[in-house]
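A.B. asks: Okay, here's the structure, questions in a sec.
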Amino acid sequence: MKWWKEGIIYQIYPRSFFDSSGNGIGDLNGISKKLHYIKSLGVDMVWICPFYKSPNKDNGYDISDYKDISKIFGDLNTFDTLLKKMHSLGLKLIMDLVVNHTSDKHPWFKKARKSRKSKFHDYYIWKDGEKDKKPNNWKSVFSGSAWKWNEQTKEYFLHLYTKNQPDLNWENPTVRKEVYSIIDFWLSKGVDGIRMDVISLISKRLDFKNIPNNMIFIDVMEKYYANGPRVHEYIKEMNKKVLSKYDIVTIGEGPGINLNNGLDYVNEDENELNMIFHFDHLTMDFGKEGKYDPIPFDFIKFKKIFSNWDKLFSKRGWNSIFLGNHDFSRIVSRFGNDNEFHEESSKLLATLLMTLRGTPSLYQGDEIGMTNVDYSNISFYDDVETINAWKEAIDNKKNMKKFFEAIQKQSRDNARTPMQWDNKKNAGFSKVKPWIKVNDNYKKINVKNQEKDLDSILNYYKLLIKLRKENSTLVYGKYEDLGPMHTKIFSYKRWDENDVFIIHLNFSNCSVKINSNEIKDYKLVISNYTFAKKSYNLNPWEARIYKLIK
Ligand code: GLC
């Protein structure tokens, strides 16, 4: 029994949560002001995306000082106040640790790039080469080559993300020591957990072999960038030197982590991490060229992914359950129907999130059913990944109308529009023009409206969270998919020695019959349709949770 297994995570993207200072950007004090709202959801842990000092080329995932706070978000005092307030409300704080790379404005890199003789030079990954001949054909996750020429030292440095995010050299023991000291700095302040950004990438394959042409992105990630030869050695060392000294939760973000290697990161016997975020269900619609080349959603495969991961962790390790975050489009637009069944399908996804085995992670705004944004052209977008992909598509003479449609569907900015608090100007997020345009539907979809409405998505989330908290079977109980080949319904059973639950989720726009025998001895606990008498037909996007009558 562990608190982080039984708890629920709420994820905050700080620049889009609540602006208390009036500069159009959300901040730490803004989070403080909304803690009662967060508490009212019934969640236990709050993961806040990076708010360290940063030039914000990748919205905080490019850090220039790990032991300080970006001025736009506050300062160390605002942080201490936030942490204190959170603890007084019984909320735990999970910080984001980004140590695969730093910002190119970090003092380490500034010194490293000046001279090969600097002690900081070996903090990063360099390769000799000629100005127009890259060391290999590796591509950055954010388009273009993963190598950038550094004129002062006449060599290339590696950046798997933007050119402003040079990768750290974990082979260097001093780098590792620096990282452990950063972790210790925050944990000794009382921080309760760490989400580790792209932690699967920290160990590089030192032969830097060329990637075969035509290899799909997901395979490149798994076989070339992630899961390097020393990754487990490094995580074990980190655990031994610092993590193990605190009662915290650790979640590794894991591109390239899959069913074959997932357990290696979270096996309790190995003393590494508690959980991982894998992306099997969020990259399943990526085509050959990645996210902007989508293939149709395969529902059977979607269900299978959840079943397979549950099975993987059924004896050892622990799962994390999430349907979206700041890097993916909105869950209701992606897996639900954000049009005629907006409310029903948002609630159905909530039901899925809160009834699987593993720790659920709820991303800000999903609790009110925030949707993808309908920007009319590229100038509204901010995300460096989106913009780089757009520029590359122009260079590659892509059909730009089609490409824009893919951006509208898949851009990370879909999940980054300001939190919709009320129907006032700027959705109550800020008194001034926000850093990114608010979604036009804020007048209808907002917290204030939903707090008043007992049947709202928000109140449904609260009920579900309460239900999960009151029924440990939903946390720890076994799981079985009752109809893996059904093309419209996701039905599963959760059970242990105390209780049995059956969950029916109709992922379709039509009504579908369910097996009446299956639920004969069960009572309905909750549903996203309100009428009392329940038939054996599930309405479009209907979700029902049944419990065995004892
Ligand atoms: C992770 C973050 C993402 C960031 C990237 C590089 O995937 O979630 O937002 O851009 O790492 O740090």
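A.B. asks: Condition test on Ser491, is it polar (S, T, N, Q), in a strand (DSSP E or B) and out of contact with any Lys or Arg (no Cβ under 8 Å at 6 or more places or on another chain)?
C.D. replies: So Ser491 fits the description; yes.
A.B. asks: Residues that are under 15 Å from Pro360 (Cα atoms) and not in a loop (DSSP other than H, G, I, E, B): does the range 316-328 have at least one?
C.D. replies: yes
A.B. asks: OK, next. Considering each residue of the range 1-22, count those that are open to solvent by 30 Å² or more (accessible area, probe 1.4 Å) and modelled with pLDDT of 95 or more, and give that number.
C.D. replies: 7
A.B. asks: Right, next: Answer yes or no as to whether Asp285 is more than 16 Å from the ligand (Cβ to nearest atom) and among the charged types (D, E, K, R).
C.D. replies: Criteria met by Asp285.
A.B. asks: Shifting gears a bit: For the range 322-333, check the following and say yes or no: at least one residue is open to solvent by 10 Å² or more (accessible area, probe 1.4 Å) and over 20 Å from Met419 (Cα atoms).
C.D. replies: no
A.B. asks: For the range 85-101, which residues satisfy the criterion of being more than 11 Å from the ligand (Cβ to nearest atom) and over 17 Å from the mean Cα position of the chain (by Cα)? It would help to see each step written out before you state the result.
C.D. replies: Filtering the range 85-101 down to residues more than 11 Å from the ligand (Cβ to nearest atom) leaves 85-95.
Matches in the range 85-101: Lys85, Met86, His87, Ser88, Leu89, Gly90, Leu91, Lys92.
A.B. asks: Which of the residues that make up the range 132-161 are of a type outside the set (A, V, I, L, M), under 13 Å from Thr102 (Cβ atoms) and in contact with a Ser or Thr (Cβ under 7 Å, 6 or more places away or on another chain)?
C.D. replies: Passing the criteria: His159, Tyr161.
A.B. asks: Something else about it: Going by the structure shown, is Ser516 at pLDDT below 95 and outside the structural domain of Ser314 (by TED's automatic domain parsing)? Even if it seems obvious, please write down each step before you answer.
C.D. replies: Working: at pLDDT below 95: yes; outside the structural domain of Ser314 (by TED's automatic domain parsing): yes.
Yes; evaluated as a whole, the condition is true for this residue.
A.B. asks: Would you mind finding the one in Ser345, Ser376 that is open to solvent by 10 Å² or more (accessible area, probe 1.4 Å), polar (S, T, N, Q) and out of contact with any His (no Cβ under 7 Å at 6 or more places or on another chain)?
C.D. replies: Testing whether each residue is open to solvent by 10 Å² or more (accessible area, probe 1.4 Å), polar (S, T, N, Q) and out of contact with any His (no Cβ under 7 Å at 6 or more places or on another chain) leaves just Ser376.
A.B. asks: Another question, if that's okay. Does Ser40 fit the bill of being among the polar types (S, T, N, Q) and crowded, with 23+ Cβ neighbours inside 10 Å?
C.D. replies: On the way: among the polar types (S, T, N, Q): yes; crowded, with 23+ Cβ neighbours inside 10 Å: no.
For Ser40, the condition - among the polar types (S, T, N, Q) and crowded, with 23+ Cβ neighbours inside 10 Å - is not met.
A.B. asks: Check off (1) assigned by TED's automatic domain parsing to the domain that holds Lys444; (2) assigned to a helix (DSSP H, G or I); (3) in contact with a strand residue (DSSP E or B) (Cβ under 6 Å, 6 or more places away or on another chain) for Lys303 and give me the number that stays unchecked.
C.D. replies: So the condition that Lys303 fails would be (1).
A.B. asks: Asp65 versus (1) of a type in the set (Asp, Glu); (2) assigned by TED's automatic domain parsing to the domain that holds Thr359; (3) touching a residue at least 60 places away in the same chain (Cβ under 8 Å): which is the lone unmet condition?
C.D. replies: All conditions are met except number (3).
A.B. asks: If you take the residues in the range 70-128 that are open to solvent by less than 30 Å² (accessible area, probe 1.4 Å) and of a type in the set (Val, Ile, Thr), which one is farthest from Leu158 (Cα to Cα)?
C.D. replies: Going through the qualifying residues, I end up with Ile94.
A.B. asks: For the range 387-445, which residues satisfy the criterion of being open to solvent by 60 Å² or more (accessible area, probe 1.4 Å), in a loop (DSSP other than H, G, I, E, B) and in contact (Cβ under 8 Å) with a residue 60 or more places away in the chain?
C.D. replies: Scanning the range 387-445 gives Lys431, Lys433, Lys437.
A.B. asks: Give the residues of the range 540-550 that are farther than 16 Å from Thr355 by Cβ and open to solvent by 40 Å² or more (accessible area, probe 1.4 Å), sorted by residue number.
C.D. replies: Once the filter is applied, which keeps residues that are farther than 16 Å from Thr355 by Cβ and open to solvent by 40 Å² or more (accessible area, probe 1.4 Å), the range 540-550 yields Ile549, Lys550.
A.B. asks: Looking at Lys534, Lys469, Lys520, which one is surrounded by fewer than 18 Cβ atoms within 10 Å (Cβ to Cβ), without any contact (Cβ under 8 Å) to a residue 12 or more places away in the chain, out of contact with any strand residue (DSSP E or B) (no Cβ under 8 Å at 6 or more places or on another chain) and not in a strand (DSSP E or B)?
C.D. replies: Working: Lys534 fails: out of contact with any strand residue (DSSP E or B) (no Cβ under 8 Å at 6 or more places or on another chain); Lys469 fails: without any contact (Cβ under 8 Å) to a residue 12 or more places away in the chain.
None of the others qualify; the one that does is Lys520.
A.B. asks: Please enumerate the residues belonging to the range 45-57 that are within 13 Å of the ligand (Cβ to nearest atom) and open to solvent by 10 Å² or more (accessible area, probe 1.4 Å).
C.D. replies: Ser54, Asn56, Lys57
A.B. asks: Name the single residue that is farthest from Tyr224 (Cα to Cα) among those in the range 143-152 being open to solvent by 10 Å² or more (accessible area, probe 1.4 Å) and in contact (Cβ under 8 Å) with a residue 24 or more places away in the chain.
C.D. replies: Gln152
The values are calculated or read from the model by the stated rules, or taken from the named source; none is laboratory data. The model shown is predicted, which means the values in this text are computed figures rather than measured ones. Here Cβ is always computed from backbone atoms with ideal geometry, including for glycine, and neighbour counts include all displayed protein chains. Keep in mind that these areas ignore ligands, DNA and RNA; they rest on the heavy atoms of the full protein, side chains included. Shrake-Rupley method; radii C 1.70, N 1.55, O 1.52, S 1.80 Å.
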